[in-house]
Amino acid sequence: MAAKDMFTGAKWGLSIRDGQSAQVGSTPRIQALNGMMHAERPNCDIFRAKVLTEVYRQTEGEPAMRRRYKASAELYRRFKPVIYDHERLAGWPASRIRGVQLAIDMHAHWLENEIDQIRTREYDPFEISDEDLKELKEDFIPYWKDKTPASLWAKYLPEDEIHRSQEGGFADVINYVASHGSHFLPDYPYLMEHGLKGQYETAKKCLEELDPDDPDSIDKNEFYTGLLEVLLGIKELAENYSDLARKMAGTEDDPERKQELLKMADCMKHVPWNPPRNFYEAIEIVWFVLCILFIEGAGPSVTYGRFDQYMYPFYKQGIEDGSLTPELAMEYIEELYIKTTANPWLLATDLAYYFGGYFRYPHLDVGGLDKNRRDASNELSYLCLRAMRYVKTTAPSVSLLLHQKTPDDLLIEACKLSAEGMGHPSFFNMDTLVSILEARAGGLQGRSPYSVDQILEWGSPIGCVEPGVMGQQYGHTDSCMINVAYAPTLVLTHGIKPDNVDGWGCGERLSYDNGFISQYTTFEKFYKAVKDQIEFAIKEAHRDSVIVEKIFAEQFQLPTYTLLLRGAVERGVDAASGGALCNIGPTIQSVGFGTLVDSITATKKVIYDDKEATIEELAEALSSNFVGYEDLRQKLEAAPKYGNDDDYADDIAMDVWKFFANTVRSLKNYRGGYIDPAVQMVQAHVGFGAKTGATANGRYAGRPLSDTMAATQQEDKSGIMAAIRSYSKMDYPAYTNGTVLDMWIKGSDLINK
């Protein structure tokens with residue numbers, strides 16, 4: 001019996017999260033596919049590890065780019081296709097459903113110590129066979145453990161800084177070091193018009209026109225020769241799927257399934273090499289591109305972008321010529337959602353604690369404006385929202401780009417989806433998105449390289465909330481995390497991490513010693529010291545991450561990502577080296593903003609304004625985790641709090657908000673742009689909270705920090721509108737890598753009493 005026969009709405013959504021129901025969707029086919037996906041456990045595939053190890057051993061001493069491009073081409077040529085019952089979209093990035101390619105070149109350094117626990121660890125365990133485990137331990141890990149970006153990066157730094165940057169809990173770059181090839185908006189519009197054949201012809205022409213007397217031709221010859229090989233490898237992979245589908249059709253007894261397989265064979269013979277001829281082939285390109293990017297890259301957040309815009313011409317054509325119906329289009333979209341959900345993210349154990357749930361953060365966006373500032377929604381916008389109501393998968397994160405011209409009925413459709421309780425859709429303000437992108441990677445006074453037309457036509461969120469423009473941008477958008485909540489405590493502990501929390505460095509120096517606590521005779525002096533601590537963390541994370549950027553550019557090129565950047569082939573520059581129009585990242589995110597604000601505010605109120613304790617007493621209270629200082633803790637907890645429309649706290653919030661943004665935006669990256677600030681997404685506040693000592697807002701050591709840019713949990717006591725008024729005081733466009741606000745609202749708060 002279908003789940004919708006049992007119950008609807010939020011209860012249905014919760015049942016899927018609880019694993020009580022999986023076979024849902026608009027048709028029996030989709031229900032069966034959904035059930036197949038949920039029946040599998042996340043699993044590791046070592047195919048990528050085998051091929052990379054073999055190619056790198058064969059090419060010792062050859063140029064780095066040549067080795068990297070050969071490896072990518074070989075991955076595609078040798079990948080063994082698999083086609084399951086019920087599916088019509090061909091392609092998987094691994095050999096099994098819910099499989100992930102083990103990126104040995106990125107992960108060997110941590111796998112050496114964690115591989116034996118990968119099947120049983122508490123957060124995000126993965127299945128792997130005994131045979132594959134043995135090969136990893138005896139061959140692949142020993143070969144790669146000293147060659148990963150993290151291992152190479154560590155050679156640039158003193159040992160204590162290596163540990164601080166990955167495990168300390170103040171300034172953290174661990175996600176960036178191990179997640180190369182991520183946070184990307186492929187140039188789907190180009191593929192819809194030209195296919196990969198267009199890039200092949202461009203690369204071939206550029207290679208033929210190289211001047212051998214030009215010194216730049218040395219690297220560009222490697223670039224174009226390798227790129228042509230990668231393109232032919234992708235073509236061969238698609239043709240292998242075509243051959244398999246045709247072979248399966250030859251032995252299929254069900255005439256309907258036989259025709260589906262023959263149609264798949266014809267499709268894969270044509271795309272992605274050629275531009276699509278219909279909606280089916282267009283959505284196949286969309287899915288197939290995600291597959292190959294997840295074979296080559298190790299990170300999350302490869303994103304579908306403005307799906308309803310580049311897919312609509314094919315939808316309209318199919319409806320008009322009778323080859324497509326809205327119901328069939330929605331079924332294709334539901335299959336895309338299921339297959340997207342079946343792509344887990346493999347992380348080291350520490351990172352799995354921050355980003356638990358296997359989720360790879362893909363976006364699919366609908367609505368928005370076109371380049372003439374008209375409403376861009378169409379029939380597909382509605383189908384994409386409706387498809388998620390039926391199929392109820394966790395991915396992709398379906399989003400609505402809101403603006404003043406958003407049709408009421410589209411907004412109602414989005415609200416119906418929201419009521420299902422699955423967390424879809426996200427709502428993004430189009431005006432803010434445009435404002436942020438106009439300053440993306442431009443520094444304090446600069447402008448991004450984007451035109452307004454490009455932003456309006458193809459601007460879209462990436463991953464969680466980070467803004468980008470399809471085909472025009474590359475760079476890791478979730479790179480460095482700064483636990484700003486730690487700063488007031490570290491001022492009073494001389495930069496030393498307390499002994500009563502998790503992670504590396506208890507009793508060790510996480511930051512620097514500001515000096516004697518007695519010097520903080522005024523709030524202004526204390527506040528400056530807090531800012532100095534934040535600035536120290538930002539600049540250390542920046543220095544460390546730029547080293548990683550250099551290593552990526554020199555040794556870990558990304559040919560497939562490069563092919564999906566508009567203009568990169570003509571420029572002759574790999575994505576990792578700056579081939580995009582807009583080169584962003586490594587970005588810097590704040591964690592625990594509300595905890596920071598409340599700690600500064602409470603210190604100002606209790607210590608400096610009301611003089612109910614001395615700064616030395618506060619330092620002792622924090623060092624002892626408030627043991628023996630409960631009276632002081634309660635006074636700190638009773639101080640004004642951010643999120644209540646109280647200017648006493650909100651003025652500090654606005655000031656420190658700008659300070660963080662301006663400090664980050666003043667720094668440059670390795671590829672020529674400026675660093676972008678953001679508010680950290682997902683559940684990092686829990687992991688960082690476990691590593692954070694007691695804070696001056698009355699929080700005990702080890703407890704979670706405030707979530708995203710929201711008020712401290714349960715401290716926004718003046719109602720929803722007061723909280724919103726506090727949040728609205730922040731300068732959102734200053735955070736050019738995006739912001740996120742999680743608000744937890746009780747149902748009773750929404751009832752008009």
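For the cross-link pairs Lys247/Lys269; Lys531/Lys658; Lys258/Lys339; Lys641/Lys717; Lys658/Lys717; Lys205/Lys269, the ones whose C-alpha atoms lie over 18 Å apart are Lys258/Lys339; Lys658/Lys717; Lys205/Lys269. Take the Cα pairs of the range 310-467, get the Kirkwood Rh, then feed it into Stokes-Einstein at 37 °C and 0.692 mPa s and tell me D in µm²/s. My calculation gives 193 µm²/s for D. Rounded to the nearest 20 debye, the dipole size of the range 586-736 about its Cα centre is 680 debye, using +1 on the Cβ of Lys and Arg and -1 on the Cβ of Asp and Glu.
Rounded to two decimals, the Cα-based Rg/Rh of the range 93-186, with Kirkwood Rh, is 0.99. Across the options Ala150, Ala701, Thr562, the greatest Cα extent toward the positive end of the charge dipole of the chain (unit charges at beta carbon of Lys, Arg, Asp, Glu) belongs to Thr562. Over the range 144-265, the fraction of Cα-Cα pairs per 10 Å bin, rounded to whole percents and listed from the shortest bin up, is 10, 20, 21, 23, 18, 7, 1. Ranking Ala39, Gly297, Phe659 by Cα position along the charge dipole of the chain, where only Lys, Arg, Asp and Glu carry charges on their C-beta atoms, puts Ala39 farthest toward the positive end. Considering every alpha-carbon pair of the range 271-383, the percent of pairs per 10 Å bin, from zero through the bin containing the longest distance, is 12, 39, 32, 14, 3, 0. Antiparallel beta bridges, as assigned by DSSP with both residues in the range 455-612, represent about 45 percent of the total such bridges. Under the convention that each Lys and Arg Cβ holds +1 and each Asp and Glu Cβ holds -1, the size of the dipole of the range 458-594 around its Cα centre is about 260 debye. Less than 22 Å apart at the alpha-carbon level, and either on another chain or at least 8 residues along: which lysines does that give for Lys145? Straight-line reach from Lys145, under 22 Å: Lys50, Lys70, Lys134, Lys137, Lys155, Lys550. For the range 362-410, the convex hull drawn through the C-alpha positions has a volume of 72 cubic angstrom per residue. At the residue level, Thr325 shows approximately 60 square angstrom of accessible surface with a 1.4 angstrom probe and all protein chains present. Rounded to the nearest angstrom and listed largest first, the equivalent-ellipsoid semi-axes of the range 564-660 from its Cα gyration tensor are 46, 16, 10.
Placing dummy labels 7 Å off each Cα toward the beta-carbon, the span from Gln259 to Asn662 is 6.8 nm. Counting only protein chain heavy atoms and rolling a 1.4 Å probe, the accessible areas of Ile412, Ile333 rank, largest first, as Ile412, Ile333. Accessible surface ranking for Lys247, Lys258, 1.4 angstrom probe, highest first: Lys247, Lys258. Over the chain, the hull volume per residue, using the convex hull of the C-alpha atoms, is 168 Å³. For the range 575-679, the set of trypsin sites (Lys or Arg not before Pro) satisfying both a DSSP loop assignment and a count of at most 12 other C-beta atoms within 10 Å is given as Lys611. The magnitude of the dipole of the chain, with charges of +1 and -1 set on the Cβ of Lys/Arg and Asp/Glu and taken from the Cα centre, is near 580 debye.
Seen against the Cα atoms of the chain and their longest principal axis, helix 279-296 is set at about 60 degrees.
Ranking Tyr312, Phe223, Tyr354 by how far each Cα lies toward the positive end of the dipole of the range 219-358 (charges on Cβ) leaves Phe223 at the top. Pairwise inverse Cα distances across the range 432-481, averaged and inverted, put the Kirkwood hydrodynamic radius at 11.2 Å. Look at the alpha carbon pairs under 8 Å that are at least 6 residues apart: their mean separation over the length of the range 642-753 gives a relative contact order of 36 percent. When shorter helices are ignored and each DSSP H run of at least 4 residues is given -39500 (n - 2.57), the per-residue value for the chain at 222 nm works out to -14500 deg cm²/dmol.
A probe of 1.4 angstrom, applied to the heavy atoms of all protein chains, finds Asp453 with accessible area near 80 square angstrom. Considering only alpha-carbon pairs that sit under 8 angstrom and 6 or more positions apart, the relative contact order computed for the chain is 15 percent.
The values are calculated or read from the model by the stated rules, or taken from the named source; none is laboratory data. Please read these numbers as outputs of a predicted model, since none were measured by experiment. Glycine also receives a Cβ, built like all others from the backbone with ideal geometry; neighbour counts cover every protein chain displayed. With ligands, DNA and RNA removed, areas are computed over all heavy atoms of the protein, side chains included. Shrake-Rupley method; radii C 1.70, N 1.55, O 1.52, S 1.80 Å.
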